[in-house]
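What follows is a short report on a single structure.
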Amino acid sequence: MISSAPLLEALQDRRLFRAGQPLARGQGATPSGFAGLDAALPWQGFPRGALIEILLPGPGVGEIDLLAAAWARIGEKERLAFIAPPYIPYAPALLQRRWPLARFAWIESPSAQAPWAAEQCLRAGCVGAVAMWLANGDDRSLRRLQLAAEEGSTYAFLFRPAKHAANPSPAAVRLLLQARPGEMGVRVLKCRGAVAPPAALLRTRTQ
């Protein structure tokens, strides 16, 4: 006789999405500040302890503006770490966005070592959010980042080129940013526990 114990254990996992039932809140969430995006996500914001993947056609299309409000909220009480950003963070701009510099860490890392550095920060439990920029990343390395975010109860924001949109990913949220004149389009490719909206969400870009 086949035991049903493994199936019962799986159904008790709060991360499992079951049709017709709302997704468990898990480790909490932080609103993005973009009402349309928050409404599309089952957590009403970015989930804590999960990998959030942002796919870009190129740097500077509005990704920092999209995440600024969430990072400011997190930074009120917790540390934020940037790992291998494409440009040197500009301190006056960070202050303008209400990011406390005393809680902000900029970590330079060679591209080959950036996933390892991000994983250590996520697992440490002393950083509220980690933002990392990776040109590539295979399924195994992304799963390690997802597990590290869960273990450390940390917000994990991953930036990758838009060419990876067609590849599978263990991220709980996948967003594809689209640059448009005067505005930014946000396509929700994946949001664990909900059906992604069919059309891009539009937001006016901050100058």
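Once segment 160-177 is narrowed to residues that are in a loop (DSSP other than H, G, I, E, B) and buried (at least 19 other Cβ atoms within 10 Å of the Cβ), the residue that is modelled with the lowest pLDDT is SER169.
Results for (1) over 30 Å from ALA199 (Cα atoms); (2) surrounded by fewer than 20 Cβ atoms within 10 Å (Cβ to Cβ); (3) of a type in the set (Ser, Thr, Tyr); (4) modelled with pLDDT of 80 or more, shown as yes or no for each residue.
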{"residue": "ILE2", "(1), (2), (3), (4)": "yes, yes, no, no"}
{"residue": "GLN44", "(1), (2), (3), (4)": "no, yes, no, yes"}
{"residue": "LEU55", "(1), (2), (3), (4)": "no, no, no, yes"}
{"residue": "VAL61", "(1), (2), (3), (4)": "no, yes, no, yes"}
{"residue": "PRO89", "(1), (2), (3), (4)": "yes, yes, no, yes"}
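Taking segment 62-77 as the range and being among the acidic types (Asp, Glu) and out of contact with any Lys or Arg (no Cβ under 7 Å at 6 or more places or on another chain) as the test, the residues that pass are GLU63, GLU76.
Filtering segment 33-42 to residues that are under 17 Å from ALA194 (Cα atoms) and part of a loop (DSSP other than H, G, I, E, B) leaves LEU41, PRO42. Within the set ALA24, ALA84, ALA10, the sole residue that is at pLDDT below 95, more than 14 Å from the chain's Cα centre (by Cα), buried (at least 19 other Cβ atoms within 10 Å of the Cβ) and farther than 23 Å from PRO198 by Cβ turns out to be ALA84. Kindly evaluate ARG187 against the criterion of being of a type in the set (Lys, Arg) and surrounded by fewer than 17 Cβ atoms within 10 Å (Cβ to Cβ). Judged against the criteria, ARG187 is not a match.
Looking only at segment 178-191, residues that are assigned to a loop (DSSP other than H, G, I, E, B) and either at pLDDT 90 or above or on the phi > 0 side of the Ramachandran plot (or both) come to 1 in all.
The values are calculated or read from the model by the stated rules, or taken from the named source; none is laboratory data. Predicted model, so just to flag it, every value in this text is computed and none were measured. Note that we place each Cβ from the backbone using ideal geometry, even for glycine, and neighbour counts take in every protein chain shown.
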